[in-house]
Amino acid sequence: MTSPRLPTSAQTFECFRICYQLTTLFLDISLVRLDERTSNIFILAGESLIVTIEPDGTVDLPIMNKPNFSDMSREELAAYVMKHRHDNEAFYALADKVYTSPRIRVQSMEQLADLIRAKQQEQTE
């Protein structure tokens, strides 16, 4: 039976510094884990922040690619925009999907209320 790998002293030091910095920025730390395959420490914080620490203490902040908006449904894209309100690219992609999809021209507030109620009833069934 092999003994579990332990983080290096350089990793431990950097992990402490990073966790301290994250908490001063009021970010929740969801996971701190050692990847036994690479000996890197992974820190998951906030909604989507990932920090890795290599055995020599090198800290990396991986660049996360944005999702491919053209592959997302209108509902998925709307949910993404609600979470990332300042992402203009996502907002414009959502707007383009809305503008190119079939729409109903609303003639009155009563019609709008009826359409909203029908949509809500659809979702509950």
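Since every read-out is calculated from the coordinates, none of them should be taken as a lab result. Note that the coordinates shown come from a computational prediction; the quantities given were computed from them, not determined experimentally. We place every Cβ from the backbone using ideal geometry, glycine too, and count neighbours over all the protein chains shown.
Using θ = phi - 60° in the Karplus curve 6.51 cos²θ - 1.76 cosθ + 1.60, the 3J(HN,Hα) couplings for the stretch 45-51 round to 9, x, 7, 7, 7, 10, 10 Hz; x is entered for Gly and Pro. Taking the average, over residues, of other Cβ atoms within 10 Å as the packing measure, peptides 90-98, 33-41 rank 90-98, 33-41 from highest down. Using a Gaussian network model of the chain in which every pair of alpha carbons under 10 angstrom is joined by a spring, one finds that among 115, 77, 25 the greatest mean-square fluctuation is at 115.
Looking at the stretch 1-60, which chymotrypsin sites (Phe, Trp or Tyr not before Pro) are DSSP coil and have at most 11 other C-beta atoms within 10 Å of their C-beta?
Loop-located and lightly packed - 26.
Counted over all Cα-Cα pairs of the chain, pairs farther apart than 25 Å make up 52 percent.
Full extension of the chain between residue 47 and residue 110 yields a length gain of 18.7 nm, computed as 0.36 nm times the residue separation minus the alpha carbon distance. Here the chain is treated with +1 on each Lys and Arg Cβ and -1 on each Asp and Glu Cβ, and its dipole about the Cα centre works out to around 200 debye. Net charge within 15 Å of residue 92 by Cβ-Cβ distance, Lys/Arg positive one each and Asp/Glu negative one each, not counting residue 92 itself? Charge balance in the 15 Å sphere: +1. For residue 51, the shell of other residues with beta-carbons less than 12 Å away shows a net charge of -1, using +1 for Lys and Arg and -1 for Asp and Glu.
If you add up the charges near residue 61, with Lys and Arg at +1 and Asp and Glu at -1, over every other residue whose beta carbon is less than 13 angstrom from its beta carbon, what do you get? Don't skip to the end; give the middle numbers.
Values: positive: none; negative: 14, 54, 60.
Result for the local shell: -3.
How high is the relative contact order of the stretch 23-125, in percent, counting Cα pairs under 8 Å that sit 6 or more residues apart? Result for the stretch 23-125 is 12 percent.
How much mean residue ellipticity at 222 nm does the chain get from its helices, if each DSSP H run of length 4 or more adds -39500 (n - 2.57) and you divide by all residues, to the nearest 500 deg cm²/dmol?
Working: 4 runs with 55 residues, N = 125.
The helix-only estimate for the chain comes to -14000 deg cm²/dmol at 222 nm.
Of the residues 48, 116, 25, the one whose Cα sits farthest towards the positive end of the charge dipole of the chain is 116 (charges of +1 on Lys and Arg Cβ, -1 on Asp and Glu Cβ, taken about the Cα centre). Taking the Kirkwood radius as Rh and the Cα radius of gyration as Rg, the stretch 71-125 has a ratio of Rg/Rh equal to 1.05. Of the GluC sites (Glu not before Pro) in the stretch 41-112, the ones in a loop by DSSP (not H, G, I, E or B) with at most 15 other beta carbons within 10 Å are 47.
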